[in-house]
Amino acid sequence: DSRCVLGFLQDDEYKFKELSIDQKPHLPEEKSRILAHSGRVGPVSTWLEGPHRVWLATGDVPGLSMSRSIGDSIGHSIGVIPHPEIITHHIKENDKFLIIA
């Protein structure tokens with residue numbers, strides 16, 4: 001996963017704005033796409049809790065905890081896509097830094 005957060009000044013105080021979101025399998029739009037491609041979404045079957053992952057309908061692979069990935073042929077066969085979501089932000093004078101991680 002990759003994230004981008006903007007740091008900006010407002011009333012002499014630093015504030016933060018998310019410029020990206022994690023594309024996680026449990027999100028409704030992501031889950032719908034995966035299910036439509038015969039994948040399944042859920043946590044590791046032996047864990048009581050944990051992040052939802054993307055699985056083949058009939059096996060415990062690939063187990064991705066993201067719903068978008070580049071170059072994963074198994075994931076791509078069940079609805080994992082390589083396309084990012086694009087968020088536009090017009091730079092303002094009080095924008096001070098980006099955290100990209």
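The values are calculated or read from the model by the stated rules, or taken from the named source; none is laboratory data. Here the structure is a predicted model, which is why all the values come from computation and not from measurement. Using ideal geometry, Cβ is built from the backbone for each residue, glycine included, and neighbour counts are taken over all protein chains shown. Protein only, heavy atoms only, side chains kept; ligands, DNA and RNA dropped before computing areas. Shrake-Rupley method; radii C 1.70, N 1.55, O 1.52, S 1.80 Å.
Tabulated data
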read-out: Simple spin-label estimate for PHE97 and ILE70 in nanometres, 7 Å along Cα-Cβ; value: 2.6
read-out: Mean ellipticity per residue at 222 nm, deg cm²/dmol - from DSSP H runs of n ≥ 4 across the chain, formula -39500 (n - 2.57); value: -3500 deg cm²/dmol
read-out: Amide H within-cut-off set for ARG53, under 5 Å, with H built and near neighbours excluded; value: GLY42
read-out: Summed residue charge, Cβ within 10 Å of ARG53's Cβ, Lys/Arg positive, Asp/Glu negative; value: +1
read-out: Magnitude of the charge dipole, the range 1-68, Cβ model with Lys/Arg +1 and Asp/Glu -1, debye to 20; value: 400
read-out: Per residue value of the accessible surface for the chain (all protein chains in place, 1.4 Å probe), Å²; value: 69
read-out: Surrounding net charge for VAL41, when Lys and Arg each add one and Asp and Glu each subtract one, Cβ distance under 11 Å; value: +4
read-out: Cross-link reach list, aspartates and glutamates versus LYS96, counting only Cα pairs under 13 Å and skipping chain neighbours closer than eight places; value: ASP12, GLU13
read-out: Potential extension, ILE86-PHE8 segment - 0.36 nm per residue separation minus Cα distance; value: 26.1 nm
read-out: Most mobile listed residue (ASP11, ASP60, ASP72) in the chain, GNM with C-alpha springs under 10 Å; value: ASP11
